Every structure is written in C-alpha cells, then in structure tokens.
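The values are calculated or read from the model by the stated rules, or taken from the named source; none is laboratory data. Worth saying up front: this structure is predicted, and the values here are computed from it rather than measured. Backbone-built Cβ (ideal geometry, glycine too); neighbour counts: all protein chains shown. Heads up: the accessible areas ignore ligands, DNA and RNA and are worked out on the full protein's heavy atoms, side chains in. Shrake-Rupley method; radii C 1.70, N 1.55, O 1.52, S 1.80 Å.
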Amino acid sequence: MTTDRQISDQRVALVTGGTSGIGLAIAQRLRDDGLRVAVLDLDREEARAVANDAAFLFVGADLSRRADCRAAVDAVTGAFGRLDVLVNNAGFQHIDPIVDFPEDTWDAMLHVMLTAPFLLSKYAWAHLAASGQGRIVNVASIHAQVASPFKSAYISAKHGLIGLTRTQALEGADAGLTANAICPAYVRTPLVTRQIADQARTRGISEADVEQQVMLEPAAIKRLLDPVDVAALASYVVSPAAWGMTGAVLDLDLGWTAR
Ligand SMILES: NC(=O)c1ccc[n+]([C@@H]2O[C@H](COP(=O)([O-])OP(=O)(O)OC[C@H]3O[C@@H](n4cnc5c(N)ncnc54)[C@H](O)[C@@H]3O)[C@@H](O)[C@H]2O)c1
C-alpha cells in the first residue's frame, strides 16, 4: 500500500524538451527509477498527448521567454511541493554559414540552450538546495567540445553550457547539489532525422551516406546512439550514488574525441 507520506518522499524531476527524443527517454527512465516527473515543452497538442500517455505532469512553456522559465518552475513546485532534479535538455539546430546565419535564430538558440538553463537553475536553486541531493543535468553535446562548420549558434550555446555547469557545480557543492554535463555524439532522434534528410538533399547523397560519411566520419564506433543510451547515463548522474560526481563533462561520443 502506498501512503501519502511515501508519495511526498518521492523525488521530483523537471525535464525540458521532455516529450521528444532524448528528453522523453530521460523522463521515462527517471519515472521508471521511481521519480515523479514533469516535462516542459512547447504547448502543442502532440506534446500534451505524449506527457499524458506517460503519466508526466505537462508544463507548456517557450524557453525563449524569460517569464515562461519562472512560471514553469512555479508550476512544478506548486504541483509537487518540491523539485530535486533539473534536466536542461530542450534544444534545436539551425545550419547556415556565419555570414548567412539569421540574427533572430542566433538569439533564440542562445536563449533556449544557454540562457534558459541559467534561468531555470536560478529559479529552482532554493528547491534543489533544499533537497540535500539536488541534481542538475545539462544535456550538452559533443559540439560542446569540438566544432563543425555551419553550426555557430549551437556550438557557442553548448560550449557556454559547460561553463555554466562547472559554475553550478562549485556553487551547489555545500548543499549537496551536483551539476554535470552529458555530451553525446549523434543520437537517433527527430532532430537528427530531420538533419539527415536536409543534408542528403543539400549534398545530393543518400541518407545512409549522410550517416556514415558525414555524421559518423569522426567517430570510432560507426553507429548512431539511441536516446535510451543517454537516459541510462542521466539515470546514474541523478542517482544518490553519484553524489561525488560534479562539474563533470561526460562524453558519450562513440570515440569521436579519442583521436
Ligand atoms: N540528437 C542528437 O544527435 C544530439 C546530440 C547531442 C546533443 N543533443 C541535444 O539533446 C537535446 C535534445 O535533442 P533531441 O535530439 O532529443 O531533439 P528533439 O527535437 O527530439 O527534442 C527537442 C525538444 O526540445 C523542445 N524545444 C525546442 N525549443 C523549445 C522551446 N523554445 N521551449 C520549450 N521546448 C523547446 C522541442 O519541442 C522538443 O520536444 C538538445 O539539447 C540537443 O542539442 C542531441
């Protein structure tokens, strides 16, 4: 039998971009690990449906807006009375050379992938610290460590996220709050499926060739990751056992940076 006391002892996680790809896999894994999970995503019918099906609390928000970041934290702490885990995962890609890169798109990407993780941690900080085992997981990218052409905003935001992670780690340490960054190479998600199709068109080659010759060219293991692979690492980082891991930049990069 489950008592009210047991329910309120369950840790609570907020996963941004939690209705698709890597975010959804992390949200499902944390739910299966026994946490109560809120997913934040753009307020769309399909996102609500995914959250409902998975028994997540849905928080509709646009992370390019500061007020939405504040309202999202208030919604989760209002519903659950606590917040122990923040997973900054939402993101998107735009590919253009710097000379053609739309300024508004640059602003939006920096806001969603760097400013929002700062704002959410700022607004959630007191709750994460009160947890005693608070966890911030920043889903960065292998592109937080290396660059590729035509991805200036993405790469700048992800490199910046590593700096934010390390600062969160130092400031959270006394409260038992850890902050770590996960840096995957290419993962088979809707974001990457769209990129494969775009690149196949632009380069005039098959989608299979985009995967092998473009995306996996720098990798030692020639296979795309699956979202559950990232979720398994997040699960460990969030667990109480990982109390001593903080400020870490965790590569899951198919050997990309081993050279
Ligand atoms: N797929 C990869 O190969 C890969 C590799 C390394 C890192 N990443 C990172 O992982 C994260 C998730 O990527 P994914 O591949 O699962 O992508 P995805 O497109 O499947 O999911 C991204 C989610 O973020 C949400 N989102 C985008 N803009 C938002 C906004 N303004 N407000 C609220 N939500 C917003 C989207 O609605 C979507 O649900 C991203 O930060 C991405 O940079 C992905």
task = Taking the residues in the range 161-206 that are away from the ligand (no atom under 15 Å from the Cβ) and over 23 Å from the mean Cα position of the chain (by Cα) as candidates, determine which candidate is least open to solvent (accessible area, probe 1.4 Å).
result = A200
ask   = Filtering the range 109-147 down to residues that are touching a Pro at 6+ places or on another chain (Cβ under 9 Å) and within 16 Å of the ligand (Cβ to nearest atom), which residue is farthest from V12 (Cα to Cα)?
value = V146
query = When the residues of the range 48-80 are filtered to those that are assigned to a strand (DSSP E or B) and of a type outside the set (G, A, S), which remaining residue is least open to solvent (accessible area, probe 1.4 Å)?
reply = V59
Positions within the range 207-232 being touching a strand residue (DSSP E or B) at 6+ places or on another chain (Cβ under 7 Å) and either buried (at least 18 other Cβ atoms within 10 Å of the Cβ) or at pLDDT below 95 (or both), in sequence order = L224, L225, P227, V230
message = Out of L40, L83, I need the residue that is buried (at least 21 other Cβ atoms within 10 Å of the Cβ) and away from the ligand (no atom under 15 Å from the Cβ). Which one?
response = L83
request  = Tell me which of these A153 doesn't satisfy, since it passes every other one: (1) more than 16 Å from the ligand (Cβ to nearest atom); (2) assigned to a helix (DSSP H, G or I).
outcome  = (1)
request  = Any residue in the range 80-103 that's without any contact (Cβ under 8 Å) to a residue 40 or more places away in the chain: show its pairings with residues that are of a type in the set (D, E) at Cβ separation under 8 Å, as long as the two are six or more apart or on different chains.
outcome  = P102/D96
task = Return the pairs, sorted by first residue and then second, in which the second residue is in a helix (DSSP H, G or I) and surrounded by 19 or more Cβ atoms within 10 Å (Cβ to Cβ), the first residue lies in the range 24-44 and is free of Cβ contacts under 8 Å to residues at least 40 places away in the same chain, the beta carbons are less than 6 Å apart, and the residues are 6+ apart or on different chains.
result = V37/A27; V37/L30; V39/A27; V39/A51
request  = May I ask you to verify whether V214 is β-branched (V, I, T) and under 21 Å from the mean Cα position of the chain (by Cα)?
outcome  = no
inquiry  = Please determine whether any residue of the range 205-226 is polar (S, T, N, Q) and in a helix (DSSP H, G or I).
reply    = yes
Output for the range 223-244, where each listed residue is without any contact (Cβ under 8 Å) to a residue 12 or more places away in the chain and in contact with a helix residue (DSSP H, G or I) (Cβ under 9 Å, 6 or more places away or on another chain) = Y236
key: In the range 94-150, the residues that are surrounded by fewer than 17 Cβ atoms within 10 Å (Cβ to Cβ), among the β-branched types (V, I, T) and under 23 Å from V249 (Cα atoms)   = V146
